[in-house]
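The structure under discussion appears below in the form of C-alpha cells.
The values are calculated or read from the model by the stated rules, or taken from the named source; none is laboratory data. As the structure is a computational prediction, the values presented were derived from the model and not from experiment. Backbone-built Cβ (ideal geometry, glycine too); neighbour counts: all protein chains shown. When the accessible area is computed, the model is the full protein with side chains, heavy atoms only, and any ligands, DNA or RNA have been set aside. Shrake-Rupley method; radii C 1.70, N 1.55, O 1.52, S 1.80 Å.
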Amino acid sequence: MNSEELIEENNQKRELLTPENEAYYSDLLIYIRLQFSLSEQQSEEILMEMLDHLLDGQEEGKTAKDIFGDDPKAFADEIIEQLPKEKKRDVIPFIAGIIGNIAGWVLMIRGVILLVLSQFIEVKTEVNLFAAGVVSLGIACFVSLTIWFILRLINNSLFKENRNTKKNMLKAGVTGAAGMGAVLLLTKFTPEIGPSFDFPWWASLIGGAILWLIIYVEKK
C-alpha cells in the first residue's frame, strides 16, 4: 500500500482503540509525522505496525504503556533513529499548495465582489504589478510563519498529560489574526509603482477557479 492508503487504514483502525490507548498512540503518530526529514512511506508503515501491535495487545487487556513503555517520546525517538532519512519529504509543495489554495479563493472572492459592486457603482479593476507582488509575498510569508508556529505549538504539546488545548488554540488564533492584520496593512499602504493591467471580474473568477482546480487535482 502507498502512504495515502496506509493513512486511511490507520484512521479507520484507530477508532478501535480505547480512549487511553488512542491518546497515547495519537501522540506517537503526530510526533513521527512531524519529522519531515523522514520517508513518508516508511513512517506510515512503521506506524501501522505499531497500531496493529497495540490492537493485538489491547485484546489481551494490555495498555499502550504496557506495550511501548512509560516514556512515549523516548520510544518515538528510538523509532525515528531507525527510519531512513534518504528520501526526504518536501515541505515546500505542502506550503505552496496551501498558498495556492488561498490565492484561488481570494481571486474567486474578488471576482464575485467586483461583479456585485459593478451593478451599483463604478469599480476599479486595474491591478498594479508592484503592489500585487509585494502583497503576494506578504501572504506567502504569513502562511509559512503561521504553519511553522502551529506545528511548533502541536509538537510542544505532545506527551503532556496536562496540555492546555484552549490556550494553544488562542495562541494560534491571535497569531492568525495578527498576520491577517499585517497583510491588510500591507495591502493598504503599499504604493503603486510601475505598470498596471486591467483584471476584470470574470478573469479573476476564472483564474481563481482554475488555480483551485489545479490544487484540488494535485491532492488526489
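Computed values, structure above
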{"quantity": "Output for the stretch 29-71, where each listed residue is without any contact (Cβ under 8 Å) to a residue 24 or more places away in the chain, farther than 14 Å from Ser3 by Cα and touching a helix residue (DSSP H, G or I) at 6+ places or on another chain (Cβ under 6 Å)", "calculated": "Gly57, Ile67, Gly69"}
{"quantity": "Subset of the stretch 178-198 that is among the hydrophobic types (A, V, I, L, M, F, W, C) and within 27 Å of Pro93 (Cβ to Cβ) - its residue that is most open to solvent (accessible area, probe 1.4 Å)", "calculated": "Met180"}
{"quantity": "Unique match (being in contact with a helix residue (DSSP H, G or I) (Cβ under 9 Å, 6 or more places away or on another chain), open to solvent by 40 Å² or more (accessible area, probe 1.4 Å) and within 18 Å of Leu185 (Cα to Cα)) among Val143, Val106, Val112", "calculated": "Val106"}
{"quantity": "Subset tally (residues that are open to solvent by less than 100 Å² (accessible area, probe 1.4 Å) and more than 18 Å from Asp71 (Cα to Cα)) for the stretch 155-177", "calculated": "10"}
{"quantity": "Residue among Gln12, Gln58 that is surrounded by 15 or more Cβ atoms within 10 Å (Cβ to Cβ) and either under 18 Å from the mean Cα position of the chain (by Cα) or on the phi < 0 side of the Ramachandran plot (or both)", "calculated": "Gln58"}
{"quantity": "Filtered residue count, the stretch 1-37, keeping only those that are in contact with a Ser or Thr (Cβ under 8 Å, 6 or more places away or on another chain) and closer than 16 Å to Asp77 by Cβ", "calculated": "4"}
